[in-house]
Amino acid sequence: MKKTWITTLYILILFTACKSGKNTDVVSQERPVSLTEVYNWVNNKEFAFRADWATPLRSERIMVSDIANGIIVRNDSIVGQLPFYGVRQVGYNFTESGIKLSGQLKNPKVDVNESRNAILFKFDVAEKGEVFEFQITVFGNKTAYVDVNSNERDSMRYQGELKKITNQKN
């Protein structure tokens, strides 16, 4: 009995000693942003989105943070790729399973939903005969939901983070 008690005490001490602490050199020092600042990113069309989660229409939420994905909106154009987990009703492309985008934004519209403390950005994109309708809902903490509807596929919802992109001169 005494040996079990000493072993348990030893394990407790070991776990407490090995506890990870905050390393201020590694932790991101990003300052919080206001909803007005996020509105400016969206309204000026200077942002990037990276998904951590994808939710297909007919399934549970899927973690996608370890998959290369995201979209970049700059001026009136969009480039990016998002994973797709769902049913494609029309056509099929054996080489591309995700949603790949490279085109112009059509019908962009920015609104503020004050009751939800959120910004809504709606636009359409046509890509190889397929039309995507996007609605991006962004909150002040930069959390964003991207809802994608298509004329050929099931709807998808992505959850992730929105970031401002800066103009780079080459």
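Where a number appears in this text, it was derived from the coordinates with a stated rule and is not lab data. These numbers come from a predicted model, not from an experiment.
Here are some notes:
- Annotation: amide H-H contacts under 5 Å for L105 (H modelled 1.01 Å from N, sequence separation of 5 or more, or interchain): S77, I78.
- Cut-off under 5 Å, modelled amide H: who pairs with D52 long-range: Q159, G160, E161
- Table column - 3J(HN,Hα) (Hz), segment 77-86, Karplus curve with 6.51, -1.76, 1.60, x for Gly and Pro: 10, 9, 9, x, 8, 10, x, 10, 10, x
- Across segment 137-143, computed HN-Hα scalar couplings (Karplus, 6.51 cos²θ - 1.76 cosθ + 1.60, θ = phi - 60°) run 10, 10, 10, x, 7, 6, 5 Hz from first to last residue, x flagging Gly and Pro.
- Residue separation of T166 and D76 scaled by 0.36 nm, minus their Cα-Cα distance, works out to 30.9 nm of gained length.
- Note, ³J(HN,Hα) from phi for segment 100-115, Karplus 6.51, -1.76, 1.60, rounded to Hz, x at Gly and Pro: 10, 10, 7, x, 9, 6, 10, 6, x, 8, 10, 10, 10, 9, 5, 5
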